[in-house]
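The values are calculated or read from the model by the stated rules, or taken from the named source; none is laboratory data. None of the values given here were measured: they were computed from a predicted structure. Reconstructed Cβ throughout: ideal geometry from the backbone, glycine too, with neighbour counts over all protein chains shown.
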Amino acid sequence: MLKKVDHLGIAVRSLEAALAFYRDAAGLAVAHVEEVPDQRVKVAMIPVGDTRIELLEPTDPESPVAKSIESRGEGLHHVAFLVDDIEAALAQLAATGVRLIDATPRQGAGGARIAFVHPKSSFGVLYELCQR
């Protein structure tokens, strides 16, 4: 079901401050920056080999990413796995009793269809399923 790690989501207070490290110090190129209003974040996608780093800056202090930063600080927010069929993946997880945040996919950055698995079902790690 899981094809590969698609991206690592990293919650940051400021994209510009984070890019000073990823772009300027580490020499990585930013593929694109976009706002995802539904999730109340601004994202910067940075390719690293065949995966990406997704920097997430909250655009609303009440957004899930803002609340994550408030409670845990900046850092790793989620691990995203690429899947071929997100509905089938969600159905398989639900059938085995996995708790889902999203029972149906929603629109994510870069035109992807995404859904999140609750960290209480995945040993404290927030997982995202991603279909491109």
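For the reader, a short list of remarks on this structure follows.
- Residues located in region 14-24, provided they are under 19 Å from THR59 (Cβ atoms) and loosely packed, with under 14 Cβ neighbours inside 10 Å: SER14, GLU16, ALA17
- Residue satisfying all of: in region 122-132; in contact (Cβ under 8 Å) with a residue 24 or more places away in the chain and either in contact with a helix residue (DSSP H, G or I) (Cβ under 6 Å, 6 or more places away or on another chain) or part of a loop (DSSP other than H, G, I, E, B) (or both); farthest from GLU34 (Cα to Cα) among these: SER122
- Test: residue in region 6-17 that is without any contact (Cβ under 8 Å) to a residue 40 or more places away in the chain and of a type outside the set (Phe, Trp, Tyr): yes
- All of VAL48, VAL83, VAL65 fail the test of being among the hydrophobic types (A, V, I, L, M, F, W, C), within 30 Å of GLY27 (Cβ to Cβ) and touching a residue at least 40 places away in the same chain (Cβ under 8 Å), apart from VAL65.
- Flag for PHE123 being hydrophobic (A, V, I, L, M, F, W, C), modelled with pLDDT of 95 or more, surrounded by fewer than 16 Cβ atoms within 10 Å (Cβ to Cβ) and closer than 23 Å to ALA11 by Cβ: yes
- When region 86-115 is filtered for residues that are of a type in the set (D, E, K, R), in contact with a strand residue (DSSP E or B) (Cβ under 7 Å, 6 or more places away or on another chain) and not in a strand (DSSP E or B), only ASP102 remains.
- Some residue of region 84-93 being closer than 22 Å to VAL33 by Cα and not acidic (Asp, Glu): no
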